[in-house]
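Trainee: Please see the structure below; I have some questions.
The values are calculated or read from the model by the stated rules, or taken from the named source; none is laboratory data. Every value quoted in this text rests on a predicted model; they were computed, and no experiment measured them. Positions of Cβ are backbone-derived with ideal geometry, glycine not excepted, and every protein chain shown enters the neighbour counts. The area values use the complete protein model at the heavy-atom level, side chains included, leaving out ligands, DNA and RNA. Shrake-Rupley method; radii C 1.70, N 1.55, O 1.52, S 1.80 Å.
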Amino acid sequence: MRRWALCLLLATTLSCQAADPSAADPAILSVSGEGLVAATPDMASITVGVTSQAEDAAAALTANSRSMTALVGILDKFDIEARDRRTSGFNISPRYERRSNDGRAPEITSYEVSNQVTIRYRNIDRLGDLLDAVVRAGGNRIHGLSFGNSDDAGLRDEARQLAVADARRKATLYAEAAGGELGRVLSITEAGAPQPRPEMRTLAMADAYAVPIAAGENEIRAVVNVVFELEQ
């Protein structure tokens with residue numbers, strides 16, 4: 001009798017839960033939100049260097065070292081700190097003469113030495129002056145110019161906050177249109193890390209002979225997916 005009574009009690013409890021609307025899964029509303037923050041760059045990253053040639057490797061290295069010493073002096077003159085400069089490439093390679101297809105092995109005619117340093121420059125207004133000075137000092141390799149912001153983490157967090165606010169705005173609109181009310185947040189998922197997107201604009205330089213530079217603006221974009229509870 002006790003076993004039958006226990007089974008009857010469990011069956012009655014499960015039946016009541018199934019009939020109770022509050023026990024059903026809540027209605028949900030899933031929306032995405034986007035946040036966009038625009039910021040003027042306050043620093044630049046660029047790789048500069050020197051490539052030298054000579055008949056033997058030692059002479060090429062000597063010439064290259066002389067030019068690189070002058071180039072490093074320019075970096076000192078523009079107050080580029082040690083933490084903002086790093087040797088990013090050094091290479092010594094032979095150069096061969098061009099020959100017709102006569103079966104003979106090509107001979108070395110000279111050697112080439114390349115040395116380059118990647119720098120971060122935190123004074124955008126003088127970037128054109130820096131590039132001009134680097135070339136005049138013997139730099140003949142310049143590439144990889146990009147612009148960034150020192151407070152990158154703060155800008156990304158601002159974009160995330162705007163994205164969540166945008167998601168809540170959309171969800172409130174949908175909930176009211178459906179005749180319900182927006183409930184609590186059930187989950188928030190970020191759709192990839194916020195990425196900067198450059199938007200170019202001309203940067204006026206004070207010196208007419210400086211290299212013209214367009215720094216533009218960095219746009220940091222964040223996208224989130226938010227799931228809300230929808231109260232009927």
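Trainee: Being exposed (fewer than 14 other Cβ atoms within 10 Å of the Cβ), without any contact (Cβ under 8 Å) to a residue 60 or more places away in the chain and in a strand (DSSP E or B) is the filter here, so list the residues in region 105-150 that pass it.
Mentor: Matches in region 105-150: Ile108, Thr109.
Trainee: Looking only at region 117-149, how many residues end up being farther than 16 Å from Asp76 by Cα and among the polar types (S, T, N, Q)?
Mentor: Total satisfying the criteria: 3.
Trainee: Assuming Arg120 fulfils every condition listed in (1) farther than 25 Å from Gln53 by Cα; (2) modelled with pLDDT under 95; (3) out of contact with any Phe, Trp or Tyr (no Cβ under 9 Å at 6 or more places or on another chain) apart from one, which condition is it?
Mentor: Unmet condition: (2).
Trainee: Determine which member of the set Thr40, Thr47 is open to solvent by 20 Å² or more (accessible area, probe 1.4 Å) and farther than 30 Å from Glu181 by Cβ.
Mentor: Being open to solvent by 20 Å² or more (accessible area, probe 1.4 Å) and farther than 30 Å from Glu181 by Cβ holds for just one of Thr40, Thr47, which is Thr40.
Residues checked against (1) part of a loop (DSSP other than H, G, I, E, B); (2) open to solvent by 70 Å² or more (accessible area, probe 1.4 Å); (3) at pLDDT 95 or above:
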{"residue": "Ala165", "(1), (2), (3)": "no, no, yes"}
{"residue": "Arg169", "(1), (2), (3)": "no, yes, yes"}
{"residue": "Glu176", "(1), (2), (3)": "no, yes, no"}
{"residue": "Gly183", "(1), (2), (3)": "no, no, no"}
{"residue": "Pro196", "(1), (2), (3)": "no, no, no"}
{"residue": "Arg201", "(1), (2), (3)": "yes, yes, no"}
{"residue": "Ala208", "(1), (2), (3)": "yes, yes, no"}
{"residue": "Val211", "(1), (2), (3)": "yes, no, no"}
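Trainee: Would you mind stating whether Arg83 is under 22 Å from the mean Cα position of the chain (by Cα) and open to solvent by 70 Å² or more (accessible area, probe 1.4 Å)? So that I can check it myself, show each step before the final result.
Mentor: Working: under 22 Å from the mean Cα position of the chain (by Cα): yes; open to solvent by 70 Å² or more (accessible area, probe 1.4 Å): yes.
When the stated conditions are applied, Arg83 passes them.
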